[in-house]
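Here is the structure we will look at.
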Amino acid sequence: MEQRHVAGVIVDRGLASGVLQLSSMPQRKDPDTPVKSAVAITVWPGAKGEQIEQLVTRRVEEKIAQNARVEKIRSISRTSFSIVYVDLDENMPGSQVGKELDDIALKLVLSLACRKGPAPSISSRILAIQPP
């Protein structure tokens, strides 16, 4: 470049424009993305895996499936405990996720509290239904 002062002015204006644009950009943190999954863990000490599957896991899955916003249910049944994973509808507004999880938890507690059989206190053994 033969005209150094022209190049200097162009570089200075470019830097000033960049600084102004950077300072006017919105300062956002990470976007709010609500977790639309939950885990229901039920413990029944001493029960066999087959018992857990028949008497607890299937019943929990049925109660969770009654909710129209539930998209997918997966479960694991082992000796003494059951884990049920719940995925809610991805198109559901984030403000309703907590309400849906509360509804599911209430249905589970009421269902297991009414249960008759060898473990009447199983409702008090629901450890969690919350985002993983």
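Computed from the coordinates by the stated procedures, all read-outs in this text should not be read as laboratory data. Since we're looking at a predicted model, the values are computed, not measured.
A few points about this structure:
- The alpha carbon centroids of the stretch 2-31 and the stretch 45-72 are separated by 59 Å.
- Computed from backbone phi, the HN-Hα couplings of the stretch 6-16 come to 5, 4, x, 5, 5, 5, 4, 5, x, 5, 5 Hz, rounded to whole numbers (Karplus: 6.51 cos²θ - 1.76 cosθ + 1.60, θ = phi - 60°; Gly and Pro given as x).
- Sequentially through the stretch 33-50, phi angles give Karplus couplings (6.51, -1.76, 1.60; θ = phi - 60°) of 10, x, 6, 10, 10, 8, 10, 10, 10, 10, 10, 9, x, x, 7, 6, x, 5 Hz, Gly and Pro residues having no value and appearing as x.
- Near the amide H of S37, within less than 5 Å, lie the amide hydrogens of L88, all on another chain or at least 5 residues away, with H placed in the peptide plane.
- Cα coordinate range in the stretch 6-59, projected on the principal axes (Å, largest first): 84, 17, 16
- Stretch gain in nm, segment Q54-V109, where the contour uses 0.36 nm per residue and the Cα spacing is subtracted: 18.1 nm
- Cα-based shape type of the stretch 1-101, given that a ≥ b ≥ c are square roots of the gyration tensor eigenvalues and the cut on a/c is 1.5: prolate
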